[in-house]
Structure formats: structure tokens, C-alpha cells
Amino acid sequence: MLYIHAMVRTALLCAFLATSCSLSLDPAQKTVKDIGTIEHVREDWAADWNAKRISEIMRLYAPDAVFLQPNSERTTGVESIRALFAKVLAANTPHIAFHGITIEGSDNLAYDSGTYEETITSGAATRSTRGDYLLILKRQPDGRWLIVQQAWSDASSEK
């Protein structure tokens, strides 16, 4: 009789484990899903920047995010980044395009690195810039990926 109870318990445990494992994504599936989500963060940022939608851009940042730009002080916190972007977009009309090269992550941190090209119109003058970008993102408790660090370089010939 003890043998039958042990077999029943083992069978139930195996069934429970099989069900539990089938409900979660394996690491490879989860990584593919996260990479797609991170690509969307980058593309949403570009679309919102080009359309001058500051509120939508700011939804992509963690509250304590840091924005690093060439030849300038770091800008820390969503409100400071918002003020910087509002100033830039008030005086300029941008069109940016990203070219992602690498997206990798582990657990709750990921990075997206690549190049960009941007055309900026200010009044009657238009100039082109290009360079490299780095986005570091962190998965939030609600599952969203938000930008925690953003850095740019300027590799254009005119500075």
C-alpha cells in the first residue's frame, strides 16, 4: 500500500512540474521577446523625437535616468531630461534614424548599441550629424523596459 501511495505522489509531482515548466517561457524565447521590446523602445523614442512628443518620450525613461551627451554635463532625472529636450525641440526640428547593431541583456538589465544619423533644421539652416548611441535599459517590476542611461557621441565632420 505504501508503494502505491509513493507512486501516486511521484506521478502527481511529475505532472505538477511538467505543467509549471510548460507555462513559462524558456530563456531563449524570453530573450527574443525582450529584444523585440527593446527595439520598440528605441524606435518609439525616434518616432516621438521626430514628432516632438516630449511626454511620450519621457514615458520611456526611469525616474532617475541619466542622459549623457557629447561636450556637456550629465543630465539626471526625468524632469531635467524633459527640460533639456523641451529646449532643444523648441529651437530645432529633428529627424533621427537609428541603426541598431547589438542588443544584449541578462536578467533585468539590457543594452542597445548602434549608430544614428540625424538631420536638424533650425530656422533656415539644416545640418546633419551622425554618431554612436548607447541605451541601457532596466526591466521594471511591472515588466516594462525603461531607459536608465543614454549616451551619444558625435562623429559628424562639423561640430
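The values are calculated or read from the model by the stated rules, or taken from the named source; none is laboratory data. Computed from a predicted structure; not experimentally measured. Heads up, the Cβs are rebuilt from the backbone with ideal geometry, glycines too, and the neighbour counts pull from every protein chain shown.
Among the residues of the range 122-159, those that are of a type in the set (S, T, N, Q) and either surrounded by 15 or more Cβ atoms within 10 Å (Cβ to Cβ) or in contact with a strand residue (DSSP E or B) (Cβ under 8 Å, 6 or more places away or on another chain) (or both) comprise S122, T126, S128, T129, Q140, Q149, Q150, S153, S156. Restricting attention to the range 82-113, the residues that are exposed (fewer than 13 other Cβ atoms within 10 Å of the Cβ) and of a type in the set (S, T, N, Q) add up to 3. The requirement of being of a type in the set (A, V, I, L, M), out of contact with any Leu (no Cβ under 6 Å at 6 or more places or on another chain) and more than 14 Å from Q150 (Cβ to Cβ) is not satisfied by A46. Helices (runs of 4 or more DSSP H) fully within the range 23-124 that include at least 3 residues being under 13 Å from the mean Cα position of the chain (by Cα) and at pLDDT below 95: 27-50. Residues in the range 61-81 that are within 24 Å of A155 (Cβ to Cβ) and not acidic (D, E): A65, V66, F67, L68, Q69, P70, N71, S72, R74, T75, I81.
Could you check the range 32-62 and list, in sequence order, the residues that are of a type in the set (K, R) and in contact (Cβ under 8 Å) with a residue 60 or more places away in the chain? Step through it out loud before you land on a result.
First, pick out the residues of the range 32-62 that are of a type in the set (K, R): 33, 42, 52-53, 59.
Scanning the range 32-62 gives a single hit, R42.
Among the listed residues T102, T93, which satisfies the condition of being out of contact with any Lys or Arg (no Cβ under 7 Å at 6 or more places or on another chain) and within 22 Å of S72 (Cα to Cα)?
Details: T102 fails: within 22 Å of S72 (Cα to Cα).
The unique qualifying residue is T93.
For the range 125-152, what are the residues that are small (G, A, S) and modelled with pLDDT of 95 or more?
Taking the range 125-152 first, the residues small (G, A, S) are 125, 128, 131, 143, 151.
Correct list: A125, S128, G131, A151.
Note on the range 125-158: residues that are assigned to a loop (DSSP other than H, G, I, E, B) and without any contact (Cβ under 8 Å) to a residue 24 or more places away in the chain total 5.
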